[in-house]
Amino acid sequence: GAGTAGIIAAQTLANQSITDFIILEYNNYIGGRVQHTTFGSPDNQFVIELGANWVQGLVSPPGPENPIWTLAQLYGLNSTYSDYDSILTYDQTGYTDYSDLIDQLDGDVWDAASADAGTILTQGLIDHSVRAAFSMAGWFPDRDPHKQAVEWWEWDWETAFTPEESSELYGFAGYNLTFNQFSDENNFVWDQQGFNTLIEGEASTFLQPNDTHLRLNTTVTIVDSSPPSMIQVTTEDGSCFAAKHVICTFSLGVLQHALAEDAPVTFTPEFPAWKKAAIYNFDMGTYTKLFLQFPESFWGDTQFYLYADPTKRGYYPVWQALDAPGFLEGSNTIFATVVEHESERVERQSDAETLAELIAVLQAMFPNVTIPEPTAFLYPRWGQTEWSFGSYSNWPTGVSLLEHQNLRAGLRSGPDGKGQGRLWFAGEHTSAEYFGFMHGEQTALWTDWDRK
């Protein structure tokens with residue numbers, strides 16, 4: 001693929017004077033899940049990001065710098081600091097100030113849970129769920145909608161999974177390795193060239209215009225590693241490519257669908273049991289942004305708006321003003337975010353059904369405003385997209401580092417797995433440190449099968 005991992009892998013080869021490679025990409029663009037589109041009414045259109053949208057963790061001099069931030073500066077990508085203190089809180093009655101709960105969870109509770117994760121790591125103890133960690137720290141959202149919304153804001157929004165479904169050990173370790181190592185700053189990318197500009201820029205360092213090393217609009221259907229000395233890759237149009245090595249940057253979601261009856265790609269022979277177990281032991285989450293443009297802005301200049309639904313946790317909880325100062329001013333656009341189970345639900349609905357729910361939530365949040373008809377509405381369906389089947393990976397409770405090593409590990413060719421050709425794996429899900437992050441695509445390429 002020609003996403004971040006595929007392009008950086010090819011660049012790494014080219015930098016070592018290895019040029020006998022071909023990049024096969026499903027889409028007609030470079031970037032993968034770093035995907036943008038044009039949005040808005042005919043007289044007020046602009047570019048929005050459907051996938052990755054933030055540079056998460058920048059730099060704390062003199063410490064290390066997030067490589068994505070390095071590239072964003074290199075290519076002059078426009079972005080603005082996301083101020084998470086710029087937030088107003090709401091429930092079904094309208095504006096209701098429960099921001100003290102954010103301070104509570106983000107303060108002593110978070111610190112205690114993070115410290116407990118460190119104890120588990122350094123003493124080799126049994127992993128807990130994040131729910132257990134929060135409970136031990138005295139945080140009990142129970143049926144309190146305000147606490148549930150705050151918890152979603154602090155945890156689910158980042159991981160696309162609930163505290164019950166997330167590893168305390170690796171969840172906090174991953175968080176700390178990004179936000180404590182680089183910085184706790186997030187910059188929201190609104191550049192009208194698109195976030196993938198930096199990936200295209202890196203591709204241009206080793207690819208020429210119309211370079212035959214890159215094959216766009218190419219759908220891989222079969223990866224056959226049964227020949228003992230090579231791997232054969234077949235595409236939808238019947239073309240066949242033979243190579244001594246193949247780097248597979250399919251998302252975890254695609255790998256998890258490889259054994260389904262309607263699998264978009266087939267691996268021959270099937271993965272060994274240890275490899276399949278690792279693939280299915282990890283989770284692929286879905287993160288859905290729902291964009292609404294209105295004739296005018298009625299929400300104000302605050303960056304974030306948190307909604308606590310009275311009956312359903314995670315029901316359109318976070319809203320972000322795209323026209324806030326320093327962002328896409330004048331766009332009259334706001335977007336909501338849902339994840340995982342709610343993403344699955346709205347993906348099965350029609351646009352009209354989802355829009356009606358969104359308008360009802362906005363009306364509850366702003367009871368003194370007559371919510372107008374939006375001039376534009378759009379949301380992606382990442383969970384149903386056959387070349388991704390989700391947005392990014394998450395580490396579940398109780399899954400070991402050994403299982404992750406199995407997830408990353410390469411495979412030899414031949415029916416008995418003892419041939420010379422090798423199938424390697426790359427992508428954010430193969431990064432133990434930065435899974436779920438865009439910089440995880442760049443920092444984890446592949447692991448030598450012989451190290452197993």
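The values are calculated or read from the model by the stated rules, or taken from the named source; none is laboratory data. Remember, predicted model here, so these are calculated numbers, not experimental data. All Cβ positions, glycine included, derive from the backbone under ideal geometry; neighbour counts span all protein chains shown. Ligands, DNA and RNA are stripped out before the accessible areas are found, and what is left, the full protein with its side chains, is counted by its heavy atoms. Shrake-Rupley method; radii C 1.70, N 1.55, O 1.52, S 1.80 Å.
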I need every pair where a residue in region 102-120 that is more than 18 Å from residue 395 (Cβ to Cβ) has its Cβ under 9 Å from the Cβ of a residue that is β-branched (Val, Ile, Thr) and part of a helix (DSSP H, G or I), sequence separation at least 6 or different chains.
102/150; 104/150; 105/150; 106/150
When the residues of region 350-394 are narrowed to those that are without any contact (Cβ under 8 Å) to a residue 40 or more places away in the chain and small (Gly, Ala, Ser), which ends up farthest from residue 95 (Cα to Cα)?
350
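Checking the structure you have, find out if any residue of region 220-242 is small (Gly, Ala, Ser), over 30 Å from residue 111 (Cβ atoms) and assigned to a strand (DSSP E or B).
Of all residues in region 220-242, those small (Gly, Ala, Ser) come to 225-226, 229, 238-239, 242.
Retained after the next criterion (residues that are over 30 Å from residue 111 (Cβ atoms)): 225-226, 229, 238-239, 242.
If we keep only those that are assigned to a strand (DSSP E or B) too, we end up with 242.
Yes - at least one qualifying residue is present in region 220-242.
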Taking only region 308-319 into account, find how many residues are in contact (Cβ under 8 Å) with a residue 60 or more places away in the chain and either buried (at least 23 other Cβ atoms within 10 Å of the Cβ) or under 20 Å from the mean Cα position of the chain (by Cα) (or both).
4
All but one of (1) closer than 19 Å to residue 223 by Cα; (2) over 18 Å from the mean Cα position of the chain (by Cα) hold for residue 398; which doesn't?
(1)
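Would you point out which residue out of 152, 157 is in contact (Cβ under 8 Å) with a residue 24 or more places away in the chain and buried (at least 20 other Cβ atoms within 10 Å of the Cβ)?
Working: 157 fails: buried (at least 20 other Cβ atoms within 10 Å of the Cβ).
So the residue among 152, 157 that is in contact (Cβ under 8 Å) with a residue 24 or more places away in the chain and buried (at least 20 other Cβ atoms within 10 Å of the Cβ) is 152.
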Report the residue count in region 373-399 for those that are open to solvent by 40 Å² or more (accessible area, probe 1.4 Å), at pLDDT 95 or above, over 21 Å from residue 260 (Cβ atoms) and in a loop (DSSP other than H, G, I, E, B).
3
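Would region 202-213 turn up any residue that is open to solvent by less than 10 Å² (accessible area, probe 1.4 Å) and over 30 Å from residue 267 (Cβ atoms)? Spell out the reasoning first.
So in region 202-213, the residues open to solvent by less than 10 Å² (accessible area, probe 1.4 Å) come out as 203.
With over 30 Å from residue 267 (Cβ atoms) added as a condition, the list becomes none.
Within region 202-213 (the criterion being open to solvent by less than 10 Å² (accessible area, probe 1.4 Å) and over 30 Å from residue 267 (Cβ atoms)), the answer is no, since none of the residues qualifies.
Only helices (runs of 4 or more DSSP H) wholly contained in region 243-352 count here; list those with 1 or more residues that are charged (D, E, K, R). Full working, then the answer.
On the way: elements: 252-256, 273-281, 340-348.
The qualifying helices (runs of 4 or more DSSP H) are 273-281, 340-348.
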Every listed condition ((1) open to solvent by 20 Å² or more (accessible area, probe 1.4 Å); (2) touching a strand residue (DSSP E or B) at 6+ places or on another chain (Cβ under 8 Å); (3) under 30 Å from residue 291 (Cα atoms); (4) not in a helix (DSSP H, G or I)) holds for residue 217 save (2)
Which of the residues that make up region 22-51 are open to solvent by less than 30 Å² (accessible area, probe 1.4 Å) and either assigned to a loop (DSSP other than H, G, I, E, B) or under 28 Å from residue 178 (Cα atoms) (or both)?
25, 27, 30, 31, 32, 34, 47, 48, 49, 50, 51
For region 261-270, does any single residue satisfy the condition of being under 22 Å from the mean Cα position of the chain (by Cα), crowded, with 20+ Cβ neighbours inside 10 Å, under 29 Å from residue 6 (Cβ atoms) and not charged (D, E, K, R)?
yes
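Is there a residue in region 155-170 that is outside any helix (DSSP H, G or I), at pLDDT below 95 and either over 17 Å from residue 339 (Cβ atoms) or in contact with a Lys or Arg (Cβ under 8 Å, 6 or more places away or on another chain) (or both)? Let's see the steps before the verdict.
Our first condition is that a residue be outside any helix (DSSP H, G or I); within region 155-170, this holds for 160-162, 166-167.
Cutting the leftovers down to at pLDDT below 95 gives us none.
No: region 155-170 contains no residue that is outside any helix (DSSP H, G or I), at pLDDT below 95 and either over 17 Å from residue 339 (Cβ atoms) or in contact with a Lys or Arg (Cβ under 8 Å, 6 or more places away or on another chain) (or both).
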Name the residue that is surrounded by the most Cβ atoms within 10 Å (Cβ to Cβ), counting only residues in region 52-80 that are touching a Leu at 6+ places or on another chain (Cβ under 9 Å) and in a strand (DSSP E or B).
55
Against the definition (over 24 Å from the mean Cα position of the chain (by Cα), hydroxyl-bearing (Ser, Thr, Tyr) and farther than 18 Å from residue 427 by Cα), how does residue 37 come out, yes or no?
no
Which of the residues spanning region 320-370 are β-branched (Val, Ile, Thr) and either surrounded by 14 or more Cβ atoms within 10 Å (Cβ to Cβ) or modelled with pLDDT under 95 (or both)?
333, 334, 337, 338, 339, 346, 354, 359, 361
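Out of 238, 171, 253, 201, report the one residue that is within 30 Å of residue 331 (Cβ to Cβ) and of a type in the set (Gly, Ala, Ser).
On the way: 238 fails: within 30 Å of residue 331 (Cβ to Cβ); 171 fails: within 30 Å of residue 331 (Cβ to Cβ); 253 fails: within 30 Å of residue 331 (Cβ to Cβ).
Exactly one residue qualifies, and that residue is 201.
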